[in-house]
Amino acid sequence: MDYGKERVVALVDMDCFYVQVEQRLNPALKNTPCVVAQYKTWKGGSIIAVSYEARAHGVTRNMWVDDAKKLCPDLQVARVRESHGKADLTHYREASVEVIEVMSRFAVIERASIDEAYMDLTAAVQERRKKMTDQQIDPSLLRTTYIQGYPQSDLEPFMGDDSNQRRSRGVEQWLASLPAPSTGGQSSAELQLTVGALIVEEMRAAVEKHTGFRCSAGISHNKVLAKLACGLNKPNRQTVVPLDSVTELFSTLPIEKIRNLGGKMGASIKEALGVDNMGDLTQFSQAQLGQHFGEKTG
DNA sequence: CATTGCTCCCCA
DNA sequence: TGGGGAGCA
């Protein structure tokens, strides 16, 4: 039973979604340090979404607006609509529906929150592969894709640190390592992920075209890895996490970075087993985890 | 009062 | 059915 390679799963996450909604409404906010805040009376209100320009100044979610202005004096503030004295998020929910509608053209969507959705792309990948016959995949179709673990530096000893050049070399190396799509009946797991990434590139382009909103995405073999992948390169980028990259990725990954292990659960695992990294966990057997839920990661 | 709001899950 | 805990944004 080759474990966990059979599906292609993606997570799409809108970049600072509430900010983008406000920026579409008021274009003067585009490309500026700005936040969305709720309530006004206490310390200027609390911040619930932050543009990347504002993040560069150290502004974070949950900060008071008055404190954020100290870090970023020309910060612009959009306010959440209030009705009956409560924050009213219907505005953002409606924008979320727009996004979901576009994404649903490509696959069945599982809405995870107002700005995140999972999708199982396994069937869509099989369909797409039938149409692809034996063509090679052109790297220009993976314009915003990162392959975790690539470029392998031993193959690329003199690589600079220009980030798009590195990204691009990684994709080229990865594509070169794939078996030819036409050989054999069923494709490798790696090829499936690549075709998944192709579909997600197209989906994200369609979302931006029809809604104006940008997003990031992760593509892997299960929801936990897709979620982790999505966070590796933001904003407006997507990341493939192949199973072979997981060992290295986990070797330095704090347990609380894994979805559902960010709270007491993760803390209790650390204490009970005396470990810090996901990599340290692999030496324990399934039996030790049986007490709790059964999400596997590979 | 000073995160807040939402969602999922479990249990009475 | 609703409250409370947990996790997340």
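The values are calculated or read from the model by the stated rules, or taken from the named source; none is laboratory data. Here the structure is a predicted model, which means the values were calculated and not measured. Every residue, glycine as well, gets a Cβ built from its backbone with ideal geometry; the counts of neighbours run over all protein chains shown. Calculation scope for accessible area: heavy atoms of the full protein, side chains included, ligands and nucleic acids excluded. Shrake-Rupley method; radii C 1.70, N 1.55, O 1.52, S 1.80 Å.
At-a-glance table
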item: Å² of accessible area per residue within chain A, as computed with a 1.4 Å probe and no ligands counted; result: 53
item: The stretch A:1-121 - percent of accessible surface contributed by carbon and sulfur, probe 1.4 Å; result: 53
item: Ratio Rg/Rh [Cα only; Rh per Kirkwood] for the stretch A:17-87; result: 0.95
item: The stretch A:74-88 - phi-based ³J(HN,Hα) in whole Hz, Karplus 6.51/-1.76/1.60, Gly and Pro as x; result: 9, 4, 9, 10, 9, 9, 5, 4, 10, 9, 6, x, 10, 4, 10
item: Members of A:LYS5/A:LYS234; A:LYS5/A:LYS223; A:LYS40/A:LYS69; A:LYS234/A:LYS270; A:LYS40/A:LYS86 lying beyond 19 Å, as alpha-carbon distances in this model show; result: A:LYS5/A:LYS234; A:LYS234/A:LYS270
item: Within-13-Å neighbourhood charge of A:LEU232 [Cβ basis; K, R +1; D, E -1]; result: +3
item: Over the stretch A:17-87, relative contact order from alpha-carbon pairs under 8 Å, at least 6 apart, %; result: 32
item: Förster-model FRET efficiency, 22 Å R0, A:THR60 and A:HIS91, C-beta, rounded to 0.05; result: 0.45
item: Structure-based [θ]222 nm, chain A - -39500 (n - 2.57) summed over DSSP H runs of at least 4, per residue, nearest 500; result: -11000 deg cm²/dmol
item: Total charge dipole magnitude, chain A, about the Cα centre, Cβ charges on Lys, Arg, Asp, Glu only, Debye to nearest 20; result: 800
item: Neighbourhood net charge (14 Å Cβ-Cβ; Lys/Arg +1, Asp/Glu -1) for A:ARG55; result: 0
item: Cβ crowding within 10 Å averaged over residues, with A:79-87, A:33-41 ranked highest first; result: A:33-41, A:79-87
item: Over chain A, relative contact order from alpha-carbon pairs under 8 Å, at least 6 apart, %; result: 20
